[in-house]
Ligand SMILES: [Zn+2]
């Protein structure tokens with residue numbers, strides 16, 4: 001069984017920067033001068049890239065409007081400087097971080113940590129699928145079965161079954177029932193941090209309901225839905241919505 005994240009693959013933007021190669025002797029004084037002349041870098045981009053006998057220090061973007069002034073202060077000639085492309089956005093996962101590190105060292109995005117599935121959760125998801133407690137249905141409308149894991153112990157609660165779904169009435173959508181029932185028994189934010197397993201990808205309304213419920217992570221066992229809020233539209237990763245979470249597809 002395979003469990004893979006449903007990722008947005010954004011077009012990565014890079015920006016060209018000058019860097020100066022300096023000797024290790026007196027390096028800290030020079031680094032202070034450089035950061036004094038141009039302070040701003042991206043929070044995830046490290047200013048210094050160490051080499052065996054030297055340090056490479058980012059100076060400023062090649063396209064910076066006031067670059068002449070910065071280089072003048074530092075007594076640098078742009079012809080002598082080297083250039084490197086640094087990522088404008090922080091790396092989203094391990095693979096990207098490794099790729100970015102080939103250009104310049106970067107700190108990881110915080111959400112990267114959440115990409116690793118908790119081992120216990122993984123076992124519980126696999127177990128429920130292997131025993132066919134959750135199995136995919138033929139629906140392209142919405143998830144006909146929704147399961148929420150108890151936050152402690154091995155328990156779970158099932159909403160809906162393979163045959164009881166009617167898509168005409170939204171309140172009979174199993175995800176809606178799951179969110180409403182869970183919110184009645186828990187205070188504050190509904191499904192905060194909980195794990196939900198779906199027999200198929202949900203419709204857009206249910207997909208949004210899970211965003212608002214502050215669910216922790218979602219596993220989709222079956223096929224993409226017609227609305228495809230997660231697999232196609234990645235609403236779980238939208239910066240505009242105030243809650244983001246991981247979605248995985250479970251394939252046999
Ligand atoms: Zn639905």
task = Please enumerate the residues belonging to region 91-133 that are closer than 21 Å to residue 1 by Cα and either at pLDDT below 75 or within 16 Å of the ligand (Cβ to nearest atom) (or both).
result = 114, 115, 116
task = For residue 177, state whether it is in a helix (DSSP H, G or I), closer than 27 Å to residue 131 by Cβ, within 16 Å of the ligand (Cβ to nearest atom) and modelled with pLDDT of 80 or more.
result = yes
inquiry  = Being under 15 Å from residue 148 (Cα atoms), assigned to a loop (DSSP other than H, G, I, E, B), within 16 Å of the ligand (Cβ to nearest atom) and touching a residue at least 12 places away in the same chain (Cβ under 8 Å) is true for just one of 215, 196, 211, 247. Which residue is that?
reply    = 215
key: Only listed residue being touching a strand residue (DSSP E or B) at 6+ places or on another chain (Cβ under 9 Å), assigned by TED's automatic domain parsing to the domain that holds residue 103, without any contact (Cβ under 8 Å) to a residue 40 or more places away in the chain and surrounded by 16 or more Cβ atoms within 10 Å (Cβ to Cβ), chosen from 55, 76   = 55
query = Hey, does region 227-235 have a residue that's within 14 Å of the ligand (Cβ to nearest atom) and under 22 Å from residue 154 (Cα atoms)?
reply = no
Among (1) in contact with a strand residue (DSSP E or B) (Cβ under 7 Å, 6 or more places away or on another chain); (2) within 11 Å of the ligand (Cβ to nearest atom); (3) modelled with pLDDT of 90 or more, the one test that residue 160 misses = (3)
ask   = Which one is surrounded by the fewest Cβ atoms within 10 Å (Cβ to Cβ) among residues in region 134-150 that are near the ligand (Cβ under 10 Å from one of its atoms) and part of a loop (DSSP other than H, G, I, E, B)?
value = 141
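The values are calculated or read from the model by the stated rules, or taken from the named source; none is laboratory data. Quick caveat, the model's predicted, so the values are computed rather than measured. Every residue, glycine among them, receives a Cβ derived from its backbone with ideal geometry; neighbour counts consider all protein chains shown.
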